[in-house]
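Here is the structure we will look at, set down as structure tokens.
The values are calculated or read from the model by the stated rules, or taken from the named source; none is laboratory data. From a predicted model like this one, the values you see are computed outputs, not experimental measurements. As a convention, Cβ positions derive from the backbone with ideal geometry for all residues, glycine included, and neighbour counts pool all protein chains shown.
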Amino acid sequence: MIPYSSSMRRRVLGRRSPAEIAVAAHLRGKALLTRAFRMAMGAHDGLWLGFASETFLTTLDERYYAGQGMYLDAGYNGAGLHEWERAQIAEHFPASGRIGVTAAGAGREVFGLLQLGYEVVGFEANVALAERGTELLQAAGHDVEVRCSVRDHWPGGEDRFDAVILGWGSYTLIASRNRRIALLRGVAGALPASGPVLISFFSRGAATTYHRSLHRVASVARRLQQREGPAVGDALSPNFVHYFDPEQLASEVAEAGFDLVTFAEKPYGHAILQKADGRNGTAVASLPTTCAANRA
Ligand SMILES: C[S@@+](CC[C@H](N)C(=O)[O-])C[C@H]1O[C@@H](n2cnc3c(N)ncnc32)[C@H](O)[C@@H]1O
């Protein structure tokens, strides 16, 4: 007797078994539901982002970091730089000098740079993180503080730096292209001709169902309020983040007057920028603040 396999039956009968039909229907249903869920989540987040005030975004962000104990932890901050940061600094930063670090949190990059012998000034908009950073640095014997700063803005004022780091992931946390460009122009003003900038961000490929749905809904909401529109890649996850594709990043970096010297998506999106005109920067106005003002 010849064994009668399902593939033989398919060849003979030219149709799928009831079990195969059921599995295909099950998987199709699951895919449709996942897509519907992502569209609904995108629409929900688009509505909230579309009507979000500054205060809403700040509160969402602070709430997120309040739940992330790691950023306050002495061991985490004292461990210093990630391997990819260390490699970029070794290759592109001057061997010594004064480094500005924005979005410094409780000082992780500041600790790492001090360990490498740099002079460092750290800035952070979240008061709880800034104060914790100062406490940790001083407890470790460094006469350095993490200064409070205004969100989205270059905090360095008239200060000059040999290189700048926009703290881990923070380029992704600035909620509009125009603000990101203004921030980079502020950075440019504080740097010498060849001064490098390390930025890091979430990267993405083609826009997902979630991103497209969010963008559609947030665009309508912003149009109704005559506000700057959202960008594809904006998301609330859970705080505001923007996912960059390489073209988007290159275009805004160029508009801010920088060349993209390196670009990498792994192990975490990051890039080294250098001023395209090769001239010393001229300081631009910044928004100085105090921790007391940020708390109010
Ligand atoms: C991923 S944490 C990194 C903190 C620190 N650099 C580290 O590596 O531990 C991102 C930091 O960006 C800050 N941040 C969030 N939104 C910001 C904004 N719109 N402007 C400036 N900083 C922001 C947060 O307060 C947080 O400290």
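Key figures for this structure:
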| read-out | value |
| --- | --- |
| Filtered residue count, the range 164-220, keeping only those that are in contact with a Lys or Arg (Cβ under 8 Å, 6 or more places away or on another chain) and either under 22 Å from Ala52 (Cα atoms) or more than 11 Å from the ligand (Cβ to nearest atom) (or both) | 14 |
| Qualifying residue in the range 102-111 (condition: under 22 Å from Arg180 (Cβ atoms), of a type outside the set (A, V, I, L, M) and surrounded by fewer than 17 Cβ atoms within 10 Å (Cβ to Cβ)) | no |
| Any pair with Cβ under 9 angstrom, 6 or more apart, that starts in the range 133-158 at a residue that is more than 11 Å from Ala106 (Cβ to Cβ) and ends at one that is among the hydroxyl-bearing types (Ser, Thr, Tyr) and more than 14 Å from the ligand (Cβ to nearest atom) | Arg147/Thr290; Cys148/Thr290 |
| Elements of type helices (runs of 4 or more DSSP H) contained in the range 1-111, each with 1 or more residues being within 10 Å of the ligand (Cβ to nearest atom) and modelled with pLDDT of 95 or more | 54-66, 74-78, 83-92 |
| Whichever residue in the range 232-255 is touching a residue at least 60 places away in the same chain (Cβ under 8 Å) and more than 16 Å from the ligand (Cβ to nearest atom) and, among such residues, is surrounded by the most Cβ atoms within 10 Å (Cβ to Cβ) | Val253 |
| Tally, over the range 151-199, of residues that are among the β-branched types (Val, Ile, Thr) and assigned to a helix (DSSP H, G or I) | 3 |
| Residue in the range 218-230 that is touching a Cys at 6+ places or on another chain (Cβ under 6 Å) and either part of a helix (DSSP H, G or I) or within 20 Å of Leu260 (Cα to Cα) (or both) present | no |
| Residue check for Ala125: hydrophobic (A, V, I, L, M, F, W, C) and over 30 Å from Val217 (Cα atoms) | no |
| Test: residue in the range 136-149 that is part of a helix (DSSP H, G or I) and under 20 Å from the mean Cα position of the chain (by Cα) | no |
| Enumeration of residues in the range 256-296 that are of a type in the set (S, T, N, Q) and either part of a helix (DSSP H, G or I) or loosely packed, with under 14 Cβ neighbours inside 10 Å (or both) | Thr282, Thr290, Asn294 |
| Checking Ala90 against (1) out of contact with any Ser or Thr (no Cβ under 9 Å at 6 or more places or on another chain); (2) surrounded by fewer than 19 Cβ atoms within 10 Å (Cβ to Cβ); (3) over 27 Å from Ile181 (Cα atoms), the condition it does not meet | (3) |
| In the range 112-126, residue nearest to the ligand (Cβ to nearest atom) [restricted to those that are part of a helix (DSSP H, G or I) and either under 19 Å from the mean Cα position of the chain (by Cα) or within 16 Å of Asp143 (Cβ to Cβ) (or both)] | Leu113 |
| Any hit, the range 149-161, residues being among the charged types (D, E, K, R) and on the phi > 0 side of the Ramachandran plot | yes |
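Let's see how each residue does on (1) without any contact (Cβ under 8 Å) to a residue 24 or more places away in the chain; (2) within 19 Å of the chain's Cα centre (by Cα):
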position	(1), (2)
Tyr64	no, yes
Tyr71	no, yes
Asn77	no, yes
Leu81	no, yes
Ala87	yes, no
Ala90	yes, no
Gly97	no, no
Thr102	no, yes
